[in-house]
């Protein structure tokens, strides 16, 4: 008998260009574009396998799904699942590591270059006639920021953090790391190491976040952390929005405490229209898109299928939270 596989929020993984064919070979697949919290039980009832990206699976919800044996997270971060409750209930939880390393690292540098060059703002100015009326052969609102010689501070030196470090080094930046794993490995040669987060914040010209969201890391970039940063420092976040105290960051940008911020993630997604960062000066926001290249999503689909197949074969892989 075929297993029932329910995908609670499949539209971002497959908006039409990344078919479910390989997953459908493993069982009877029901795909929902999005699932509201009050729809989870009705949609997941009777399924042995549930896949989720951002639909939360709390302990209370998991307890109401007695047939559930496996949760596959369609992401690397798995904070949307109560892993402790899943373990207690005998539910295996697996994530999808490494699928988006290159895509997220590339987007991190794109955000940094957006702040450094303000290409879109200059394009808008020139289309509005600013260069034509300027009277000089060149035009800029502010001179571009040259990255060579600046220090890139990477908070969370995992696989993505390492990729970002390599790209930053290629731009001629010094790379300072704190947190994560792998210190001393050969590929870490471009890195220097900060003794603490506070030291990194004080030394870095650019601070880029690449760590998971945990209770310990929640709002780690708060008012005190921002105050430690250099006055012209730039903050980049392609990890999780909850790492930053958003009100503190908006206030710091308003008061010129730091030079700017570029964020691909916010604490609530999608954000409410009154999110203070959407109107903050020197702040650029993209919509949690860093991971979304077609190549990355195809890798994510492959890993997801591998995770489900391994679970059904009795040898689960990529298990998080101690299995």
### Task
For helix 159-170, report the angle its Cα long axis makes with the longest principal axis of the Cα atoms of the chain; keep it between 0 and 90° and round to the nearest 10°.
20
#### Entry: Length added when fully stretched, residue 278-residue 33, from 0.36 nm per residue minus Cα-Cα
85.6 nm
### Query
Given the C-alpha centroids of the range 57-127 and the range 245-323, what is the distance between them in whole angstrom?
5
### Tilt relative to the chain, helix 246-255 - C-alpha long axis, 0 to 90 degrees, to 10
10
### Query
At what distance in nm do the modelled label points of residue 42 and residue 196 sit from each other, each positioned 7 Å from its Cα along Cα→Cβ?
5.3
### Query
Quick one: if the Förster radius is 35 Å, what FRET efficiency do residue 146 and residue 315 give, using the C-beta to C-beta distance and rounding to 0.05?
0.10
### Message
For the range 51-152, take the convex hull of the Cα atoms, compute a quarter of its surface area, and give me that in nm², please.
### Response
10.8
### Task
Using a 10 angstrom cutoff on alpha carbons, build the Gaussian network for the chain and name the most mobile of 268, 114, 76.
268
### Task
Once you have the Cα-Cα distance between residue 218 and residue 126, take 0.36 nm times their residue separation minus that, and quote the gain in nm to one decimal.
29.0 nm
### Query
So how do 40, 164, 319 line up by other beta-carbon neighbours within 10 Å, fewest first?
319, 40, 164
### Task
Go ahead and estimate [θ] at 222 nm for the chain from helices alone: -39,500 (n - 2.57) per DSSP H run with n ≥ 4, summed, over the residue count, rounded to 500.
-9000 deg cm²/dmol
#### Entry: Estimated FRET transfer efficiency when R0 is 41 angstrom, pair residue 171-residue 306 (beta carbons, to 0.05)
0.75
### Query
Quick one: if you stick a label point 7 Å off each Cα along the C-beta vector at residue 227 and residue 117, how many nm between them?
3.7
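No lab work stands behind these numbers, since they all come straight from the coordinates. What you are looking at is a predicted structure, and each value in this text was computed from that prediction instead of being measured. A quick note on method: Cβ atoms are made from the backbone with ideal geometry, for glycine too, and the neighbour counts reach across all protein chains shown.
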